[in-house]
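S.K.: Handing you a structure now.
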Amino acid sequence: MADQLLNILPEVFRTAAHTNRPLQALAAAAADMHAPAHRVLADLPEYFDPYRAPERMLPYLARWVDLDWLATSAPGTAGSAGGTLRPDRLRDLVANAAELSASRGTAGGLRRFLHLATGVPGFSIDDVPGAFHLNVGVPAAAADQLLLIRRIVEGTKPAHTTCRIEIEAAEPEPDEREPEKTEPEEPGP
């Protein structure tokens, strides 16, 4: 790096640098000062890939794709459980932002958004015909993220639409289900 710096100096300095120790030391110090910037520039593509970017870069990337409203805590929810996104969830949302934007305002788009934001599949979106109302069914596994879910639904649904968000009953474990009733077999002839 110091050699590259010396190469852009006037020839009188380049010639003197071969024997002048203070000039060599100055060039080395200047090169060391530029090293962090050169490392960032060498790794620049990683800063724009949501899966490889440093965590501190995620809010910036989220802002580029209009998801910055999710990258920070909602007013009055700082420190509360479920009010903010985990970094891995924000990475998924940023990576899928174009698809989410294209399907915004649709039941499928909201379902996909909620799945990516919570990491839990199985959301149900039912609209009431003619009423401009949505019923959002939340899987029991996502119940601890209800504040986040409310923020997403309120932030992505059409403004004229009302909604009700309900946690759906958990599916019983296979051994907890009622045994299936079978018809008694008729005796043969």
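The values are calculated or read from the model by the stated rules, or taken from the named source; none is laboratory data. Not measured: the values here are computed from a predicted model. Heads up, the Cβs are rebuilt from the backbone with ideal geometry, glycines too, and the neighbour counts pull from every protein chain shown.
S.K.: Which one of the conditions (1) outside any loop (DSSP other than H, G, I, E, B); (2) exposed (fewer than 13 other Cβ atoms within 10 Å of the Cβ); (3) not basic (Lys, Arg) does Leu58 fail to meet, given that it meets all the rest?
M.R.: (2)
S.K.: Is it true that some residue in segment 121-133 is surrounded by fewer than 18 Cβ atoms within 10 Å (Cβ to Cβ), in contact (Cβ under 8 Å) with a residue 12 or more places away in the chain, hydrophobic (A, V, I, L, M, F, W, C) and on the phi > 0 side of the Ramachandran plot?
M.R.: Yes, because at least one residue in segment 121-133 is surrounded by fewer than 18 Cβ atoms within 10 Å (Cβ to Cβ), in contact (Cβ under 8 Å) with a residue 12 or more places away in the chain, hydrophobic (A, V, I, L, M, F, W, C) and on the phi > 0 side of the Ramachandran plot.
S.K.: I've got another one for you. Report whether or not Arg56 is of a type in the set (Lys, Arg), modelled with pLDDT under 95 and out of contact with any helix residue (DSSP H, G or I) (no Cβ under 6 Å at 6 or more places or on another chain).
M.R.: Yes; evaluated as a whole, the condition is true for this residue.
S.K.: A follow-up question, please. Every residue in segment 150-164 that is surrounded by 16 or more Cβ atoms within 10 Å (Cβ to Cβ), without any contact (Cβ under 8 Å) to a residue 40 or more places away in the chain and under 16 Å from His115 (Cα atoms), please.
M.R.: Arg150
S.K.: A further question follows. Right, Leu41: over 18 Å from the mean Cα position of the chain (by Cα) and closer than 27 Å to Ala95 by Cβ or not?
M.R.: Against the criterion (over 18 Å from the mean Cα position of the chain (by Cα) and closer than 27 Å to Ala95 by Cβ), Leu41 qualifies.
S.K.: Follow-up. Does Ile152 satisfy being assigned by TED's automatic domain parsing to the domain that holds His115, closer than 21 Å to Arg104 by Cβ and touching a Gly at 6+ places or on another chain (Cβ under 9 Å)?
M.R.: In short, no.
S.K.: Of (1) within 19 Å of Arg86 (Cα to Cα); (2) in contact with a helix residue (DSSP H, G or I) (Cβ under 9 Å, 6 or more places away or on another chain), Ala170 satisfies all except one. Which?
M.R.: (1)
S.K.: Based on what the data block shows, is Leu6 part of a helix (DSSP H, G or I) and closer than 26 Å to Ala95 by Cα?
M.R.: Considered against the rule, which asks whether it is part of a helix (DSSP H, G or I) and closer than 26 Å to Ala95 by Cα, Leu6 comes out as no.
S.K.: Anything in segment 87-119 that is among the β-branched types (Val, Ile, Thr) and farther than 25 Å from Tyr60 by Cα? List them, or say none.
M.R.: Thr106
S.K.: All but one of (1) of a type in the set (A, V, I, L, M, F, W, C); (2) modelled with pLDDT under 95; (3) surrounded by 17 or more Cβ atoms within 10 Å (Cβ to Cβ) hold for Val136, so report the exception by its number.
M.R.: The one condition Val136 does not meet is (2).
S.K.: Taking only pairs six or more apart or across chains, which ones have beta-carbon atoms under 9 Å, a first residue in segment 99-116 that is free of Cβ contacts under 8 Å to residues at least 60 places away in the same chain, and a second residue that is surrounded by 16 or more Cβ atoms within 10 Å (Cβ to Cβ) and of a type in the set (D, E, K, R)?
M.R.: Cβ pairs passing all conditions: Glu99/Arg112; Leu100/Arg112; Ser103/Arg112; Gly105/Lys157; Leu110/Lys157; Leu116/Arg89; Leu116/Asp92.
S.K.: Right, something else. Just for segment 82-135: of the residues that are out of contact with any helix residue (DSSP H, G or I) (no Cβ under 7 Å at 6 or more places or on another chain) and of a type in the set (Asp, Glu), which one is farthest from Leu147 (Cα to Cα)?
M.R.: Residue satisfying both the conditions and the ranking: Glu99.
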